[in-house]
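Rule-based calculations on the coordinates, nothing more; no lab input. For clarity, every value in this text was computed on a predicted model and none was experimentally measured. Note: ideal-geometry Cβ built from the backbone for every residue, glycine included; neighbour counts use all protein chains shown.
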Amino acid sequence: MAAATCAAESGLHVGMVDDNPGIGGQIWRGDTINSAKEAKHWAQRLGAAKVSVVCGTRVFDHPETDILLAERGNDVCELKYRKLVLATGARERFLPFPGWTLPNVMGAGGLQAFVKSGLPIEGKRVVIAGTGPLLLAVAAYLRHHQANVLMVCEQQSWTSLVRFGVELLRQPQKIRQAMSLRSALAGIPFVPNCWPTEALGRDSLERVVIRRNGKTATIVCDYLACGFHLVPNTEIAELLACEIRNGYVHVDEFQQTSRADVFCAGEPTGIGGLDLSIAEGQIAGFAVAGNKSAAKKLCKARGKMKRFAGVLDKTFTLRTELRSLPSQTTIVCRCEDVDYSRLSRHTSWRAAKLDTRCGMGPCQGRVCGPATRFLFGWSPDSVRPPIFPTNLANLGALSSQSITKHCEVTGGCA
Amino acid sequence: MSATSRFGSDTVVAEQITVTVNGIPVVVAGGTTVAVAVLFQGTSCRRSVSGQPRGPLCGMGICFECRVEINGTPHCRSCQIVCESGMEIRAGE
């Protein structure tokens, strides 16, 4: 939103395409776009800047320079562009453990997203687990909506968290956020060195087993909201052949990628939270419109926030014990029901994929990719179109030139 | 038998619409996603390739665990689709 607004205010004709049903990404999903102050500010500016907005629209291919193909309902849209700004955000990292596929075991951000989309949570017992500052934000949000948050289990150690807290002291805005979180979370046990080892229940979740300091405890609950920090959504950038470094889209001081016509802002360039994303979005929006002086004014503030992002990265690393969580029969690839024992026989992503279909299902490795990277050290293959499952009819709607291209890339489409 | 869901108290009260989940009417507030209607009804969304019941996981359209049939079209990512009046949703089958 910030990038689109600043680009349009600088004089460009701007279209904004969002896969979600409404604008605002994950943080301002659903009803939050109308309630959060900063969300309303950007929504108003976006509207006033006359940005064309399409939602529910999912990019799946890039058949030629300056054309993106996107699916919207049952239709395919051709999006012609001269310049692009990618703000594809991040998704949660999920790690497998026995019972993690039970209904009502969700991501931490996942459960929050459902509440934002209308799920009533009053009085429901919730255990929040995993790693990262998102756990606390989710706890505060759920508590505000009258959930009974039983505890927050953070796998990282007290020592690392204290060090993180000390770093926060350098950023006044973060201190304010931390203090308001502290009061929002009063009374909810926050337990470091703690992670879930099993989710139990017949057809859906009934209780969670957690491990804390070598001992286990069983907690009866309605939801387990479990996520292990965030991974960037770099698929479109990879489709466009932008340079990726250490898993993130590489950009210069103006958020420009290795392609002169493509800019990228927010989490795909480094996980750093809302404030950093908004700063980078503004810089990208000004820069894509050639308004470098306006972009430069925001660089110092971005630099400070970027340092915080580096601290985040270092703090919320995953402990090695989490690699031993899955049992031999724990499902790792949820789309194709491939369990740990079948995957552990292989030494690469590609070999495992070809033998078991892990990564070939609808999520195209978005869930099992980060999990297997952590469990086995594998690196997924390069991205190939379509980057989301697409109706065959929509693939067939391409121009004949593109159809030929597709057949060469995928080895034959029916 | 009907059931209700509503948004959090931050919002202005939205209109109420009715969808069906496996033939059962469910009344939801306008803006509620299909995934939430299915969750509220208490059924799973889909069966995995080996027959396990599955519910939504990521809430943002990347895991594909929330797929249900809507008005006869299968494999709809229900977490990314807002309920419309009269939608016929089949889930957990």
**Item:** Student exercise, the protein assembly as shown dipole from Lys, Arg, Asp, Glu Cβ charges, in Debye to nearest 20
**Value:** 1580 debye
**Proximal aspartates and glutamates relative to A:K353, as straight alpha-carbon distance under 12 Å, when same-chain residues fewer than 8 apart are discounted** = A:E336, A:D381
**Alpha carbon centroid spacing (whole Å) that separates the range A:162-181 from the range A:361-390** = 34 Å
**Complete:** Scaled by the rule-of-thumb 2.2 N^0.38 Å, the alpha carbon Rg for the range A:326-376 gives a ratio of 0.95
**5 angstrom amide H check on A:H62, placed H, neighbours 5+ away** = A:L69
**Prompt:** Just in the range A:193-291: which trypsin sites (Lys or Arg not before Pro) are loop by DSSP and have at most 12 other Cβ atoms within 10 Å?
**Reply:** A:R202
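Using 0.36 nm per residue of separation minus the Cα-Cα distance, give me the extension gain between A:S183 and A:D203 in nm, one decimal. If you can, show how the numbers build up before the last one.
Values: separation 20, 0.36 × 20 = 7.20 nm, distance 3.64 nm.
Length gained, A:S183 through A:D203: 3.6 nm.
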**Message:** I'd like to know which of A:S52, A:W42, A:T88 lies farthest towards the positive end of the charge dipole of the range A:30-96, counting +1 on Cβ of Lys and Arg and -1 on Cβ of Asp and Glu.
**Reply:** A:W42
**Request:** Give me a single rounded figure for A:119-125: the average over its residues of other chain Cβ atoms within 10 Å of their Cβ.
**Result:** 4
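To the nearest 20 debye, what charge dipole does the range A:94-228 have about its Cα centre, counting +1 at the Cβ of each Lys and Arg and -1 at the Cβ of each Asp and Glu? List each step's numbers first, then the result.
Values: 14 positive and 7 negative charges, 82 e Å.
With Lys and Arg at +1 and Asp and Glu at -1, about 400 debye.
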**Message:** Can you compute the FRET efficiency between B:E93 and A:R72 using 1/(1 + (r/R0)^6), with r the Cβ-Cβ distance and R0 = 30 Å? Round to the nearest 0.05.
**Reply:** 0.65
**Message:** At a 10 Å Cβ-Cβ cut-off, how would you order B:V38, A:V220, fewest neighbours first?
**Reply:** A:V220, B:V38
**Request:** Can you quote the Å³ per residue value for the convex hull of the Cα atoms in the range A:94-228, rounded to an integer?
**Result:** 104 Å³
**Gain upon complete extension [A:E253, A:D313; 0.36 nm per residue less C-alpha separation]** = 19.6 nm
**Fill in**
Once phi for every residue in the range A:102-107 is put through the Karplus expression 6.51 cos²θ - 1.76 cosθ + 1.60 (θ = phi - 60°), the whole-Hz ³J(HN,Hα) values, with Gly and Pro written as x, are 5, x, 6, 8, 10, x
**Prompt:** Using a basic spin-label model with each label point 7 Å from the Cα along Cα→Cβ, how many nm lie between A:A217 and A:E243?
**Reply:** 4.9 nm
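Rounded to the nearest 0.05, what FRET efficiency do A:T159 and A:K306 have when you use their Cβ-Cβ distance and R0 = 22 Å?
Computed FRET efficiency for A:T159 and A:K306 comes out at 0.35.
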**Item:** Spin-label model distance (nm) - B:I24 vs A:R125, 7 Å beyond Cα toward Cβ
**Value:** 2.2 nm
**Fill in**
Asserting the computed 222 nm helical MRE of chain A (DSSP H runs at least 4 long, -39500 (n - 2.57) per run, divided by residue count, to nearest 500) equals -10000 deg cm²/dmol
**Request:** Could I have the simple spin-label model distance between A:T347 and A:C299, label points 7 Å from Cα toward Cβ, reported in nm to one decimal?
**Result:** 4.7 nm
**Message:** Calculate the FRET efficiency for A:Q328 and A:S52 from the Cβ-Cβ distance with a Förster distance of 45 Å, rounded to the nearest 0.05.
**Reply:** 0.30
